[in-house]
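Colleague: Got a structure for you, questions after.
The values are calculated or read from the model by the stated rules, or taken from the named source; none is laboratory data. Just so we're clear, the structure is a prediction, and the values are computed from it rather than from any experiment. So basically every Cβ, Gly included, is an ideal-geometry build from the backbone, and we count neighbours across all protein chains shown. Just the protein is used for accessible areas: all its heavy atoms, side chains included, with ligands, DNA and RNA removed. Shrake-Rupley method; radii C 1.70, N 1.55, O 1.52, S 1.80 Å.
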Amino acid sequence: MFKLLLDKELKEIVGTTKFAVTFGVCAVLILLAFYVGARNYDVSRQEYEGAVVENMRQMEGLTDWGEIDHRIFLPPQPLAALVSGISNDIGRTIDIESRGELRAEDSRFNEDPIFAVFRFLDLEFIFTIVLSLFAILFGYDAINGEKERGTLALSFANPVPRDQYVLAKLVGSFLALVVPLMIPILIGCVMLPLLGVPMDGDSWIRLAMVIFAGVLYFGVFLTLSVFISAMTQHSSSSFLMLLVVWIFMVLIIPRASVLISGQAVDVPSVDQIDYEKSKYSRQLFSERMNGMQEFIQENRNNDDHAQFMADMQEFMGQQQDDFDAKMLVLTEQLNEQRNNKAARRQKFALALARISPTASFSLAAADLASTSLALRSSYMDAANSYQAAFAQFMQSKNADTQGFRFMRHGDDEVEEPEEIDLRELPAFTYEPPDVSDAIGASLPDLGLLLLFNIVFFAGAFVAFLKYDVR
Amino acid sequence: MFTILVEKELKAILQSPKFVATFGVCSLLILLSVFIGIQEYHASVDQYETATQLVDQSLAEATSFFAMDNTVYRKPSPMQIFVSGVSFDVGRLSKISSREDVKLEQSLYSESPLFAVFRFVDFTFIVQVVLSLFAILFTFDAINGERERGTLKLALSNAIPRGQYLFAKFVGSWLGLTIPLLIPILIGVLLLMVLNVPMTGDDWAKLVALIGVSILYFTFFIALSLLVSSLTKRSSVSFLVLLVVWIMLVLIVPRGATMAAGQLVSVPTVAENESQKDRFRTDQQQLIREWRQEAWKNRFSALEGASREERRAYYDANKDEWDQEDRDVREEMELSVTEFNRKLNEDLRNAKLEQERLAFILSRFSPSSAYQLTAMNLGGTNTSIKKRYEDQMFAYRESFSSYLKTKQEEERAERRRQARQSASGGRMIMFLGSGGEAVDTSDMPKFVDPVESLSAVLKPSMIDFGLLSVFTVLAFAGAFVAFIRYDVR
Amino acid sequence: MEESNRMEEGTSAARNEAPLLEADGLTKVYEDGTLGLNKVSFTVHPGEIYAMLGGNGAGKTTTINLFLNFIEPTEGEARVDGIVTHKEPLKAKERLAFVSENVMLYPNFTAIQNLDFFAKLGGKKDYSKDDYRDVLMRVGLEEVAHSRRLKGYSKGMRQKCGIAIAILKDAPAILLDEPTAGLDPKAGREFIKLLEDLRSEQKAILMSTHDIFRAKDVADTIGIMNLGELVMQRSAEELRGEDLEKLYVQYMAGYMEKTPESVPHEEEPAIS
C-alpha cells in the first residue's frame, strides 16, 4: 500500500510539465551558481596572489627593514564562492606595523559598489530564494488539490489508512523533488575542481554539509507546504498563505530582526572609540615630548656623539614601549566594551532571525563555508598573532617601523648597505577554522532546521488525520 | 459600458478575501520599512554628528599644525530612508591629509558585518520584490481565469469590443491595486513629517518622482500579467510562467548582468593599484635620497679639510637656504606623487565606470533593475556616490593642505624663533608638534557635502523612466494583440 | 411484462439475503448545529438498486459520506455487510466502490494510469493493461483516449473513468453520487445498461440522483429525501403506474410547508 502511494506520488510530480519547467530553471540556476562561483573564486584568487606578489616586489631592493611597508591579505576561501556570507563586506587588506592596532580595509563591496547594487548570485541565494519557492510550488496543493480533484474522496473510498497516505505524500514529494535536484548539484560539484577550485577533503566535507543543510532547508518548506495544504480547503488559499509566509521568512524576518536589534542594543560607534583613543594618544604624546625635552636638557652637555645617540635611542625605545603598553590597555578596554555590546546585539539579532528557517540556513551555510560573522574575528586574530611574530622579527632585525627614526644630516660616512632578504620575513597564512569546528558552529542551526522539519512534518501528519476528505 | 467593466473589476479585486490579506501585508511592510528607515536615519545622523563633533573637537584641541589629522564624514541623506542603495557598502569617511590619498573607508557593513548578513529592507526593496509579486498575484488569471469560469464567454456575448474589454480590465486592476497602495505610502510620507526628517524641497521632488517610478514599475507587472494571462489558456500555467519570469527579472538578470560585466571588462585590482602607487612613491623617495646625498656631498665639498668650527659656521650660515632647497625638492616630489596617484585613480575609476556601464546596460533588460537603478539615482545612493564624495573630498584635501602648509610655515618660523632664543648653540634637535597651547583653527576650510541638483538627478532617471514606460507599453500592446486573437471558449 | 418479471425476481432474490448496505437511524448534526440527516433508515440488498431522490441539500451526499466514513454519524449506524463503518472504516471500505460527482482525477495521468493507481489502491493488483482497456471500452471510452492524459478530457469522459474505477474494484456494494451528471443522453443510456449489468452481478447499489425518470427506469427502490429526512420509500412495484414526478413535487412541497424556516445546508463538494 505505502509503496503504491509513494509510486503514484513520484509519478504524479515528475510527470508534469510544471515539474519539467521549474526543475529546468532550478537546474540551470544551480549550474550557473557553481560556474559563476568558480569563476569568481578564480578572480579573487588571482587578485589575492597578485596583491601578495606585488607587496613583496615593492619591498624588493630595500636596504633597511625599517622601511618595509608590509601588508597581508585575506586569502579567498574556496567555498566563499558558493556561500559568500560576509566575505565581500569585510576588509581584506591589513597594513602590518610592529605596533598598534590593526585595521582591515578595502572590502570588496566598498571597492566595487557595483557588485553591492545587486549582490552576488551564489548557491546560498539559489537555495534560500529559488528552491524554497520550488518546494512551495509543489507542496501547496498536496492535500487540498487532491480534494479539489475529487481524488482524495475516491482514494479514501478504499481501505487506505490515513497515516500511510500522508506519510507517502510527504516522503514521495520529498524524494521526487530532492533526488532530481541532486543531479545539477552533483554536476556542479564535479565542475568545481575542473574549473580550478582547489577542493581538498575538508572542503568536500564542508560542501557536503552545506548541501545537507540545503536539503534540510528545502524539507522545511516542503513539509510546511504540506502542513498548510492539510489545514486549508482550497489550494488557492493555501498558496496565498504560503506566499505570505515565504515573503516573511525569506525576505522580512531576517532583515527586520537585525534592524530591531540595532535599535534595542546600543553599540558605541567606531568613531567614538577612535576619538577616545586619539585623545589619549595625544595626551601621551605630549607627555612623551616633554620627557624627551627633559632628557635632552639633561644630556645636552654630553659630548660623546655615539654615546648620546645610543642613550637617546634607548630612552626613546623605553618611552615607546611605555606608550604602547598604555595604549594597548586602553584599546583593549575600549574594544572589549564595544565587542561585548556588539556580541550582545549580534546574539539578540540572530536569535530573533532564527524564527525564520531561512536565517538558520544562511547562518549554517556561512558557518560551514567559513564566511560567517566569525570570519572577521578569526582573520583579525590571525593578523594579530602574525603581528606579534612580525614585531619579534623586526626587533631581531633591529628595525622599527613606527616611532622615531633619526635622519641624520651630516658628514658621517655612508657605507653601502646590504639589501634585505625578504624571504626571511615571516609568511602570513590564514587558516579558516577546522572543519570540525565549522560543523560544530553550524550544529545549532542544523538542529533548528531539523526541528522545523519535525514540527511541520508532525503538524502535517496530525492535520491530515483530522482532514475532511469530502 | 467601459465604466461598468471597470467597476466590476474594482469590485472583484476589492471584495476578494485574498485582497484583504495581501493588502494588509503590503501596507504593513511599507510602513515598517519607512518607519525603520527613519529610525535608522536618525541613528546615523546622530552617529554622523558625534563623529564630526569629535573631529572638530580634536582639531580644536590640536597644539600644532604638524600632527594635525582631519577626517571628513559622509552626511546621511533623508532619501536613504527610501533607497538605501549602496550607502551602507561604501565607506563613511575619509582621512584628509597631504600624505594620504582620499579614500572612503569603514563602510557600515564592514564595521558592523551583522547588518551585512541579511542586509536592509527599504521601501525600494518592498516595491521591487513584494509589490511586483502582489501585482502578479492579482492579475495572473485576469483573462484565462475568466475563461475558466465561463464569464469571458458570457461577457463577450454582449456587444463589447475586445479592445475595450481588455483596457477596462487593465484600468480596473490598476485602480484597484494602486489606489489602496497609495494609502500606506502617504502614511509613510506623513511619518516623515511627524518624525522630523529634514526634507528639502528637492528631496520632496525626488520623493515624488520615486513614488511615480514605483507606480510605473508596479504598472509594468500588471501589464505583464495581462500579457501572459491572455497568452495562456489556464490560470495555473500563467501563474507558473509569471513566477518563473518574476524570478528571472527580479532576482536573476540583475545579478547575472553584473557578473557578466565583471567577466567582460577587466579592472585592475585595488592591490595592483596600491602597489603601483607605492612603487612610484618609493622610486621618487629613492631619487630624493640620492639627490640629497649628492647635494650634501656637494655642499660640503668646498670645505674639504676644514675644521669643525668652520664647518659648523658654514652650516649655520647656509642652513636655511639648504632646508628651503630640500623642502622644495620634497614638495615637487609630493606633487608628482599626487599627480601620479590622481591619474592612476582616474584610470581605475574609468575602468570601473566602463564595467559599471556595461553591467547596467545588461541588467536593464530587466525592468526590475531599471527601477532599482533609477530609484538609487533619485535617492542619491547609487554607485556614483563614491565618485561624488571622493571628488569633493579631493577638492577639500587641496584646500586643506594648502591651508595647512601656510600654517605650518608660520608655525615653523615661530618655533625656529623660539628655538633660537632658548637653545643658544649646541645641538639642533627640533621637535615639531610638542607645544602646549592649542592652535587657532577657526579659519580652517570646512568640508561641504556634495549636493546634486534636482535636474542633474532627474536627467539620468529619464532613461530608466522611459525604459520602464516602454516595457509597460510593450507588455500592454502584446496583451492587446494576444487578447484580440484569444480563443474565448 | 418480461421486464417486471425480471425485476420481481431480482427483488425477491434480494429479500432472501441479508442486506449489504444498511442505514440504521442515521443522524448527522454538523458542528454549527445544522441538521444534516435525521433518523434515516433503509437497506440495500445484493442485486438491488436503491435510488435516493431529492433536491440540493436534502442529505443524499451526507448519507453516502456516512457510508464512506468521511464524516461520523451523530447517532445511528451505517453498515456495510454488517460492518459498522465508523467502527471499522477500513474493513467496510474493502466492500465499497464509489463514484463521485464530477471527479477530476489526476490530470497529469493517463486514463490507464489513473485506473491502475485506484485499482491497486482497492487491492486489485493483478489487472493487466488489457483489463483496463476492456473496462474503459465497457464504460464507453474510445480506445484513442485510453493513453491520453486526463487534462484534455471532457466532464463526461472523466465521469466514465470514475465509473470504470468503481467497476474495477469489483466490490459487493457500489455508492454512486450523482453518477449521471455530465453524461450526454447516449452515455446516460449506456450507464443505465451498465447498472443493470452490475445488478445482475448481485451488487448492492446505492445512488443519489436528481434524475427522476432514470431513477424510475432502473431503481428497485426509490427513496425521496428532503431536509435530511427520508420522506418516502417505495419499491418500483408499488410505484408502477404512479406519476413519480408529481409525487416528488408533492412530498417536497408538503415538507416545505411543515418547516418553512431554516433550510439545513448540506455541504456539496465544491468542485469547480
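Colleague: Give the Debye-formula value of log10 I(q)/I(0) at each listed q (0.18, 0.30 Å⁻¹), with one equal scatterer per alpha carbon of the stretch C:154-210, two decimals each.
Modeller: Normalising to I(0) and taking log10 leaves -0.57, -1.48.
Colleague: Then there is this: Sorting check: for C:44-53, C:188-197, A:29-38, which peptide has the highest mean count of neighbouring beta carbons within 10 Å, and how do the rest follow?
Modeller: C:44-53, A:29-38, C:188-197
Colleague: Turning to a different aspect of this structure: Let me know the shape class of the stretch B:26-111, please: from the alpha-carbon gyration tensor, a ≥ b ≥ c as square roots of the eigenvalues, rounded when a/c is under 1.5, otherwise prolate if a/b is greater than b/c, or oblate. Walk me through the numbers on the way to the answer.
Modeller: On the way: a/c = 4.40, a/b = 2.28, b/c = 1.93.
Since a/c reaches 1.5 and a/b is larger than b/c, the shape of the stretch B:26-111 is classed as prolate.
Colleague: In peptide A:42-54, how many Cβ atoms from other protein chains are near each Cβ within 10 Å, on average? Don't skip to the end; give the middle numbers.
Modeller: Details: counts 0, 4, 1, 0, 1, 5, 2, 1, 5, 6, 1, 3, 9.
So the per-residue partner count for this stretch is 3.
Colleague: If you don't mind, another one. Tell me the total accessible area that B and A bury against each other, 1.4 angstrom probe, in square angstrom rounded to 100. Each step should come with its number before you reach the end.
Modeller: Details: alone 25920 and 25070 Å², together 42520 Å².
Roughly 8500 Å² of accessible surface disappears when B and A pair.
Colleague: For the stretch C:103-170, compute the orientation-averaged projected area of the C-alpha convex hull (one quarter of its surface), in nm².
Modeller: Working: hull surface 15.2 nm².
Projected over every direction and averaged, the Cα hull of the stretch C:103-170 covers 3.8 nm².
Colleague: Let me ask something additional. What pairs in A:Lys3/B:Lys233; A:Lys11/C:Lys193; C:Lys91/C:Lys155; A:Lys169/C:Lys120; C:Lys129/C:Lys186 have C-alpha atoms more than 28 Å from each other? All intermediate terms of the calculation are to be shown ahead of the outcome.
Modeller: Numbers: A:Lys3/B:Lys233 35 Å; A:Lys11/C:Lys193 35 Å; C:Lys91/C:Lys155 32 Å; A:Lys169/C:Lys120 17 Å; C:Lys129/C:Lys186 26 Å.
In this structure, A:Lys3/B:Lys233; A:Lys11/C:Lys193; C:Lys91/C:Lys155 exceed 28 Å between Cα atoms.
Colleague: What are the semi-axes of the equivalent ellipsoid for chain B, taken as the square roots of 5 times the Cα gyration tensor eigenvalues, largest first, in whole Å?
Modeller: Numbers: eigenvalues 892, 113, 43 Å².
Ellipsoid half-lengths, sorted descending, are 67, 24, 15 Å.
Colleague: Based on alpha-carbon atoms only, what is the radius of gyration of the stretch B:63-168 relative to the globular estimate 2.2 N^0.38 Å?
Modeller: Ratio of Cα Rg to 2.2 N^0.38 Å: 2.11.
Colleague: Quote the relative contact order of chain B in percent (integer), defining contacts as alpha-carbon pairs under 8 Å separated by 6+ residues. Can you show the working numbers first?
Modeller: Values: 509 pairs, mean separation 138.3, N = 489.
So the answer I get is 28 percent.
Colleague: Pairs of Cα atoms under 8 Å, at least six residues apart: use those to get the relative contact order of the stretch C:103-170, whole percent.
Modeller: Details: 71 pairs, mean separation 33.1, N = 68.
Averaging sequence separation for qualifying contacts and normalising by length gives 49 percent for the stretch C:103-170.
Colleague: If you take every residue apart from A:Val329 with its C-beta less than 14 Å away from the C-beta of A:Val329, what net charge results, scoring Lys and Arg +1 and Asp and Glu -1?
Modeller: Values: positive: A:Arg99, A:Lys277, A:Lys326; negative: A:Glu101, A:Glu276, A:Asp321, A:Asp322, A:Asp324, A:Glu332, A:Glu336.
Here the charged neighbours net out to -4.
Colleague: Roughly what angle does helix A:435-465 make with the longest principal axis of chain A, taking Cα atoms, 0 to 90 degrees, to the nearest 10?
Modeller: Helix A:435-465 sits roughly 20 degrees off the main axis of chain A.
Colleague: Right, something else. When you count, for each residue, the other Cβ atoms within 10 Å and take the mean per peptide, how do C:25-36, B:74-85, A:246-257 rank with the highest first? Before the final figure, lay out the partial values.
Modeller: Details: C:25-36: 15.7, B:74-85: 24.3, A:246-257: 21.9.
So the order, starting with the most tightly packed, is B:74-85, A:246-257, C:25-36.
Colleague: If each of A:Lys18 and A:Ile355 carries a label point 7 Å out from its Cα toward its Cβ, how far apart are those two points in nm?
Modeller: It is 3.0 nm.
Colleague: Compute the distance from the alpha-carbon center of the stretch A:65-118 to that of the stretch B:294-318, in whole Å.
Modeller: First find each Cα centre; the distance between them is then 50 Å.
Colleague: Per-residue mean of other chain beta-carbon atoms within 10 angstrom of the beta-carbon, peptide A:143-156? Write out the running numbers ahead of the final one.
Modeller: Working: counts 0, 0, 2, 2, 3, 5, 9, 11, 11, 1, 10, 16, 5, 8.
Average neighbour count from other chains, rounded to a whole number: 6.
Colleague: Once you list every other residue whose beta carbon is under 12 Å from the beta carbon of B:Val121, what net charge do they have if Lys and Arg are +1 and Asp and Glu are -1? All intermediate terms of the calculation are to be shown ahead of the outcome.
Modeller: Values: positive: A:Arg255, B:Arg119; negative: B:Glu40, B:Asp122.
Taking every other residue near B:Val121 into account, the sum is 0.
Colleague: Next up: Cα centroids of the stretch A:294-327 and the stretch B:15-91: how far apart, whole angstrom?
Modeller: 48
Colleague: Taking Cα atoms, how many degrees apart are the long axis of helix A:235-246 and the longest axis of chain A, rounded to 10 and kept between 0 and 90?
Modeller: That works out to roughly 10 degrees.
Colleague: So, one more: As a test of the definition: which semi-axes, in Å, follow for the stretch A:229-289 when you take the square root of five times each eigenvalue of its alpha carbon gyration tensor? Largest first, please. Please report the intermediate quantities before stating the final value.
Modeller: Numbers: eigenvalues 632, 12, 6 Å².
Over the Cα atoms of the stretch A:229-289, the semi-axes work out to 56, 8, 5 Å.
Colleague: Working only with C-alpha atoms, what are the Rg and Dmax values of the protein assembly as shown, expressed in angstrom?
Modeller: That works out to 41.3, 158 Å for Rg and Dmax.
Colleague: Run the quick spin-label model on B:Ile187 and B:Phe35: label points 7 Å from Cα toward the beta carbon, then report their separation in nm to one decimal.
Modeller: According to this spin-label approximation, the distance is 0.9 nm.
Colleague: Now for a separate question. Let a ≥ b ≥ c be the square roots of the eigenvalues of the Cα gyration tensor of the stretch A:275-408; is it rounded (a/c under 1.5), or, if not, prolate (a/b larger than b/c) or oblate? Present the calculation step by step, with values, prior to reporting the outcome.
Modeller: Numbers: a/c = 5.93, a/b = 2.58, b/c = 2.30.
Because a/c hits 1.5 or more and a/b exceeds b/c, the stretch A:275-408 counts as prolate.
Colleague: For the stretch A:158-221, what log10 I(q)/I(0) values come out of the Debye formula at q = 0.17, 0.19, 0.22, 0.29 1/Å, with one point per alpha carbon and no solvent?
Modeller: Each listed q maps to, in turn, -0.70, -0.80, -0.95, -1.21.
Colleague: Taking each residue in A:264-270, count the Cβ atoms of any other chain within 10 Å of its Cβ, then average. What number comes out?
Modeller: Working: counts 0, 0, 1, 3, 2, 13, 9.
Mean partner-chain Cβ count within 10 Å for A:264-270: 4.
Colleague: So what's chain A giving for Rg/Rh, alpha carbon basis, Kirkwood Rh from the mean inverse pair distance? It would help to have the intermediate numbers written out before the result.
Modeller: Values: Rg = 30.5 Å, Rh = 26.5 Å.
Looking at chain A, the ratio lands at 1.15.
Colleague: Over 26 Å apart: what share of the alpha carbon pairs of the stretch A:30-155 falls there, rounded to a whole percent? Could the numbers behind the result be given before it?
Modeller: Details: 3673 of 7875 pairs.
When all Cα pairs of the stretch A:30-155 are counted, 47 percent exceed 26 Å.
Colleague: Return the tail of the calculated pair distribution for the stretch B:147-269, meaning the percent of Cα-Cα pairs more than 16 Å apart. Numbers along the way, then the final one.
Modeller: Details: 5700 of 7503 pairs.
It works out to 76 percent of all Cα pairs.
Colleague: Next question. Give me the percent relative contact order of chain C, please, defined on Cα pairs under 8 angstrom at least 6 residues apart. Don't jump to the answer; show the numbers that get you there.
Modeller: Numbers: 497 pairs, mean separation 71.7, N = 272.
The value is 26 percent.
Colleague: Run the accessible area of chain B with a 1.4 Å probe and give the carbon-and-sulfur part as a rounded percent.
Modeller: On the way: 13000 of 21630 Å².
Carbon and sulfur atoms account for 60 percent of the accessible area of chain B.
Colleague: Separate question: Please work out the FRET efficiency for the pair B:Asp283 and B:Lys319, using the Cβ-Cβ distance as r and a Förster radius of 25 Å; give the result to the nearest 0.05. Intermediate values should be presented prior to the final figure.
Modeller: On the way: r = 28 Å, r/R0 = 1.14.
It comes out at approximately 0.30.
Colleague: Right, another one. Net charge near A:Phe452: determine it from the other residues with C-beta under 13 Å of the C-beta of A:Phe452, scoring Lys and Arg +1 and Asp and Glu -1. Numbers along the way, then the final one.
Modeller: On the way: positive: A:Arg354; negative: A:Asp445.
Spelling it out: positives minus negatives among the neighbours equals 0.
Colleague: While we're on this one: Between C:Gln202 and B:Arg412, what is the label-to-label distance in nm when each label sits 7 Å out along the Cα-to-Cβ direction?
Modeller: 12.3
Colleague: Using Cα centres only, tell me the gap between the stretch A:1-18 and the stretch B:135-176 in whole Å.
Modeller: 36
Colleague: Still on this structure: Of the beta bridges DSSP finds with both residues in the protein assembly as shown, what % are antiparallel, to the nearest 5? Spell out each step's value before the answer.
Modeller: Values: 32 of 50 bridges.
The antiparallel fraction comes to roughly 65 percent.
Colleague: ³J(HN,Hα) across the stretch A:257-265 via Karplus (A = 6.51, B = -1.76, C = 1.60, θ = phi - 60°), whole Hz, x for Gly/Pro?
Modeller: Each residue of the stretch A:257-265 in turn: 4, 5, 5, 4, 5, x, 7, 7, 10 Hz.
Colleague: Loop only per DSSP, at most 15 neighbouring Cβ atoms within 10 Å: give me the GluC sites (Glu not before Pro) in the stretch A:1-91, ordered by residue number.
Modeller: Working: sites: A:Glu9, A:Glu12, A:Glu47, A:Glu49, A:Glu54, A:Glu60, A:Glu67; in loops: A:Glu60.
Sites meeting the loop and neighbour criteria: A:Glu60.
Colleague: Whose amide H sits under 5 Å from the amide H of C:Asn226, counting only residues 5 or more places off or on another chain, with H placed in the peptide plane?
Modeller: C:Val231
Colleague: Can you pull the Rg over Rh of chain C, Cα-only, Kirkwood? Write down the numbers at each step before the final one.
Modeller: Numbers: Rg = 18.3 Å, Rh = 19.1 Å.
That ratio is 0.96, to two decimals.
Colleague: Also, quick follow-up: I'd like to check one number: the per residue accessible area of the protein assembly as shown, probe 1.4 Å, reported in Å² as a whole number.
Modeller: Details: 53050 Å² over 1231 residues.
Normalised by residue count, the accessible surface of the protein assembly as shown is 43 Å².
Colleague: Output wanted: per-residue J couplings in Hz (rounded whole) for the stretch B:83-96, from phi through Karplus 6.51 cos²θ - 1.76 cosθ + 1.60, θ = phi - 60°, x for Gly and Pro.
Modeller: Calculated HN-Hα couplings, in order: 10, 6, x, 9, 5, 8, 8, 8, x, 8, 9, 9, 6, 10 Hz.
Colleague: Taking θ = phi - 60°, what integer Hz values does the Karplus form 6.51 cos²θ - 1.76 cosθ + 1.60 yield along the stretch B:180-187, in sequence order, with x for Gly and Pro?
Modeller: With coefficients 6.51, -1.76 and 1.60, one gets x, 5, 5, 4, x, 5, 5, 4 Hz.
Colleague: Another question about this same structure. Can you give the FRET efficiency to the nearest 0.05 for B:Glu332 and A:Val245, using r as the Cβ-Cβ distance and R₀ = 56 Å? Could the numbers behind the result be given before it?
Modeller: Numbers: r = 68 Å, r/R0 = 1.21.
The calculated FRET efficiency here is 0.25.
Colleague: Then there is this: Compare the peptides B:202-213, B:50-61 by average per-residue count of other Cβ atoms within 10 angstrom and give them in order, highest first. Before the final figure, lay out each step's value.
Modeller: Numbers: B:202-213: 18.7, B:50-61: 16.2.
Answer by packing, highest mean first, reads B:202-213, B:50-61.
Colleague: What is the percent carbon and sulfur in the accessible area of chain A, measuring with a 1.4 Å probe over the protein chains and ignoring ligands?
Modeller: Working: 11120 of 19510 Å².
Taking all protein chains in place, chain A shows 57 percent carbon and sulfur surface.
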